[in-house]
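I have placed the structure first, in the form of structure tokens, so that the comments after it can refer back to it.
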Amino acid sequence: MAATPDPEERSTAGPRERRAIRNEIAARRVNERIAQIEARGRIASDGPEPGPSAAFVCECAEPDCRGRVRLDAALMARVHAEPDRFVVCPGHERAEFERVLFEVDGYPVVEKSALRT
């Protein structure tokens, strides 16, 4: 998976948006760890091909969000190939900080323009 961006280094955001970015990046780091564990479990058990069974955390700006995103780990990895993209639960988009690019399996993929290089 792509390295998670550091909001302090790449962001053009103000303090409020910077806090939101930090929350989203923290969720992304959790999801990267979930994907690693999922991949190891498949390898160890010689299990089935990846499927929509991984429960990732919502990568929205809300620090108290407990939403879950059920996606195939490979789909999540494709979204995370771009460091400014995050997967959120429907309705968790923040128009003041991000824009919805597309949906994957019903979940919005948002872009943080402040993280664009």
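Taken together, the values in this text are just the output of simple stated rules run on the coordinates, not laboratory data. Nothing here was measured: the structure is a model prediction, and the numbers come from that model. Cβ: placed from backbone, ideal geometry, glycine included. Neighbour counts: every protein chain shown.
Summary of computed values
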quantity	calculated
Least to most buried among V79, V30, V104, V57 (fewest other Cβ within 10 Å first)	V30, V104, V57, V79
Backbone HN-Hα couplings from phi across segment 55-66 [Karplus 6.51/-1.76/1.60, Hz, Gly and Pro as x]	9, 8, 8, 4, 9, 7, 7, 6, x, 9, 5, 10
Long-range HN-HN contacts of E59 with modeled amide H, under 5 Å	V87, V88, C89
Amide H partners (placed H, <5 Å) of H92, local residues excluded	none
Length added when fully stretched, R66-V104, from 0.36 nm per residue minus Cα-Cα	11.7 nm
Computed E for S113/I37 - FRET, C-beta separation, R0 35 angstrom, nearest 0.05	0.65
Under-5 Å amide H pairs with D72, H placed in peptide plane, nonlocal only	none
Ranked F102, F56, F86, F97, criterion: other C-beta atoms within 10 Å, fewest first	F102, F97, F56, F86
Computed lengthening from V30 to R94, 0.36 nm per intervening residue step minus Cα-Cα distance	21.0 nm
